[in-house]
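First comes the structure, then the notes that go with it.
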Amino acid sequence: GPKMRIGKLEEEPLFLERGQSFILQTQTITGNQYRASMDFEGLPKAVKPGDSIFMNDGYIQLMVERVEGQKVHCTVKTGGELRSHKGVNFPDIDLGLSAFTPQDREMLAFAAEEKIDGVSQSFVQNAADIIAVREAAAELDYDPFIIAKIERSGALQHIEEILDAADGLMVARGDLGVEIPIEDIPAAQKQLIRQANLAAKPVITATQMLESMTRNRRPTRAEVTDVANAILDGSDAIMLSGETAIGDYPAETVAVMARIAQRTEETCTAEFGISDLLKLQQDRGDISREDLVSSNIFLMAKTLNPALIFIPSLGGATARRVTRFRLSQWIVAPSRKKSACQQLQFSYGVYPVHIASKKVFAKLSERRKVARKWLKENGEIGDLVLLIEGAGTLKAEDTRRIDIIDLK
């Protein structure tokens, strides 16, 4: 994506003082206390006096005073530390740039060559940005799992069309927290997660989750709570950024986050609210057949309390719809497509298994055999299993089937 950054500084870190003058210019220079360069020729035309510009994840705020040629003269409204190549944000300013850049196209070609399972597009504004990535990938005979990073305020107004076009969502709170008022971030995060859950698309929450562990071995209590709440809100995945990219304790940070996630899942007994939202849709007569089926699977699992739920899949859509309810049981999703198995790793509570033949689940005796084997190998106890087949799973027909398998 079109991430804006300043150039190299002659000394670092620098500290910009409130009230001082600072110049951003398109001509390449080695920056100092009073000026820095940006590799964006359109900068002087994009901004005007009174515009706010943020640097270093929003810690530094500049106010544009005037534009002269290639130079944008600013006053520092909020000072702070500045280092080389730090990011620059222009909230509510149309820079006239597509999210999918020529450099992104080069990186996509590399991903296709290396057979990378998924890619994420930064600074998505609308569905067209995702469609551009998908069309470019198709030209390379490449079909990656595409995640839309929500970092622009404008994306919030187009989130439904973005979800339709993308395979998943990332709540990228760093740049988003500069694009919208910081006090709006908690509500925006919850809303984005809920909309992704309703659309049965995996959602990742990212940025500054354990930020203090960049330099410290232990996180703050607030950070621990933030990670747990992201899980409780419905995140399929949680992601670290600078903590592991440039931090002093990357391995320790990953271990802490894993422990928080495990403990949160173990102690969370409250029923997940997605069922209530789908019930409201059903009452309004505005629910799809697929969502209606998944709602009934949830009620059946809640009533019967099976040891396991098997959902044979081709693409994984049924498994993703069922996992929205955050059931306590594992959802095992056998598939003949390796790509589907890899992409299901993004979804909470789904254990994808690659199988060579659709005949594995063709007969009831085979189903019982596979279920018993999986329970034994994974230390799970129980004698009741649900087997769900959605439209176009391991069979060619358009079937929707629920089997209750008694292993006694």
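Can you tell me which residue within region 83-115, out of those that are among the hydrophobic types (A, V, I, L, M, F, W, C) and touching a residue at least 40 places away in the same chain (Cβ under 8 Å), is farthest from residue 156 (Cα to Cα)? Spell out the reasoning first.
We begin by selecting, within region 83-115, every residue among the hydrophobic types (A, V, I, L, M, F, W, C); these are 88, 90, 93, 95, 97, 99-100, 107-112.
Those still in the list that are touching a residue at least 40 places away in the same chain (Cβ under 8 Å) too: 88, 90, 93, 95, 97, 99-100.
On the way: 88: 20, 90: 16, 93: 15, 95: 18, 97: 18, 99: 15, 100: 18 Å.
Taking the candidates together, the pick is 88.
Please go through region 208-233 and give me each residue that is surrounded by 21 or more Cβ atoms within 10 Å (Cβ to Cβ) and part of a loop (DSSP other than H, G, I, E, B), ordered by number.
209, 210, 219
What residue, among those in region 67-84 that are part of a loop (DSSP other than H, G, I, E, B) and polar (S, T, N, Q), is farthest from residue 8 (Cα to Cα)? Working first, answer last.
In the first step, residues of region 67-84 are kept if they are part of a loop (DSSP other than H, G, I, E, B); the result is 69-70, 79, 83-84.
After this cut, where a residue has to be polar (S, T, N, Q) as well, the list is 70, 84.
On the way: 70: 18, 84: 5 Å.
Per the stated criteria, the residue is 70.
Can you tell me which residues in region 1-53 are at pLDDT 90 or above, in contact with a helix residue (DSSP H, G or I) (Cβ under 9 Å, 6 or more places away or on another chain) and part of a strand (DSSP E or B)?
24, 25
Residue 141 passes all but one of (1) assigned to a loop (DSSP other than H, G, I, E, B); (2) at negative phi; (3) in the same structural domain as residue 197 (by TED's automatic domain parsing); which number fails?
All conditions pass for residue 141, except number (2).
Which of the numbered conditions does residue 264 fail, given that it passes all the others? Conditions: (1) part of a loop (DSSP other than H, G, I, E, B); (2) surrounded by fewer than 21 Cβ atoms within 10 Å (Cβ to Cβ); (3) not small (Gly, Ala, Ser).
Every condition holds for residue 264 apart from (1).
Please give the helices (runs of 4 or more DSSP H) falling wholly within region 272-362 in which 2 or more residues are over 22 Å from the mean Cα position of the chain (by Cα).
Values: elements: 274-283, 289-304, 317-323, 338-343.
Per the criteria, 274-283, 289-304.
Within 13 Å of the chain's Cα centre (by Cα) and at pLDDT 95 or above: is that true of residue 171 in this structure?
Details: within 13 Å of the chain's Cα centre (by Cα): yes; at pLDDT 95 or above: yes.
Considered against the rule, which asks whether it is within 13 Å of the chain's Cα centre (by Cα) and at pLDDT 95 or above, residue 171 comes out as yes.
When you check residue 90 against the structure, is it at pLDDT below 90, of a type in the set (A, V, I, L, M, F, W, C) and within 18 Å of residue 175 (Cα to Cα), yes or no? Please lay out each step first, then the result.
Values: at pLDDT below 90: yes; of a type in the set (A, V, I, L, M, F, W, C): yes; within 18 Å of residue 175 (Cα to Cα): yes.
Considered against the rule, which asks whether it is at pLDDT below 90, of a type in the set (A, V, I, L, M, F, W, C) and within 18 Å of residue 175 (Cα to Cα), residue 90 comes out as yes.
Across region 118-154, what is the number of residues that are among the charged types (D, E, K, R) and touching a Ser or Thr at 6+ places or on another chain (Cβ under 8 Å)? Outline the logic, then answer.
Taking region 118-154 as the starting set, the residues that turn out to be among the charged types (D, E, K, R) are 129, 134-135, 139, 141, 143, 149, 151-152.
When the remaining residues are screened for being touching a Ser or Thr at 6+ places or on another chain (Cβ under 8 Å), the result is 129, 143, 149, 151.
Count: 4.
Are any residues in region 199-223 out of contact with any strand residue (DSSP E or B) (no Cβ under 7 Å at 6 or more places or on another chain) and closer than 25 Å to residue 274 by Cβ, and if so, which ones? Give the steps one after another, and end with the answer.
Narrowing region 199-223 to residues out of contact with any strand residue (DSSP E or B) (no Cβ under 7 Å at 6 or more places or on another chain): 199-200, 208, 210-223.
Residues satisfying the conditions are 199, 200.
Is region 85-108 home to any residue that is more than 29 Å from residue 167 (Cα to Cα) and in a loop (DSSP other than H, G, I, E, B)? Break it down stepwise before answering.
Residues of region 85-108 more than 29 Å from residue 167 (Cα to Cα): 85-86.
Next, only the ones that are in a loop (DSSP other than H, G, I, E, B) stay: 85-86.
Yes, region 85-108 contains a residue that is more than 29 Å from residue 167 (Cα to Cα) and in a loop (DSSP other than H, G, I, E, B).
So which residues in region 322-331 are crowded, with 24+ Cβ neighbours inside 10 Å and touching a helix residue (DSSP H, G or I) at 6+ places or on another chain (Cβ under 7 Å), if there are any at all? Steps first, answer last, please.
Taking region 322-331 and keeping what is crowded, with 24+ Cβ neighbours inside 10 Å, we get 322-324, 331.
Those that are crowded, with 24+ Cβ neighbours inside 10 Å and touching a helix residue (DSSP H, G or I) at 6+ places or on another chain (Cβ under 7 Å): 322, 324, 331.
Which one of 53, 130, 23 is among the hydrophobic types (A, V, I, L, M, F, W, C) and more than 32 Å from the chain's Cα centre (by Cα)? Break it down stepwise before answering.
Numbers: 53 fails: more than 32 Å from the chain's Cα centre (by Cα); 130 fails: more than 32 Å from the chain's Cα centre (by Cα).
So the residue among 53, 130, 23 that is among the hydrophobic types (A, V, I, L, M, F, W, C) and more than 32 Å from the chain's Cα centre (by Cα) is 23.
The values are calculated or read from the model by the stated rules, or taken from the named source; none is laboratory data. The structure displayed is predicted, hence computed values, not measured ones. Neighbour counts run over all protein chains shown; Cβ positions are idealised from the backbone, glycine included.
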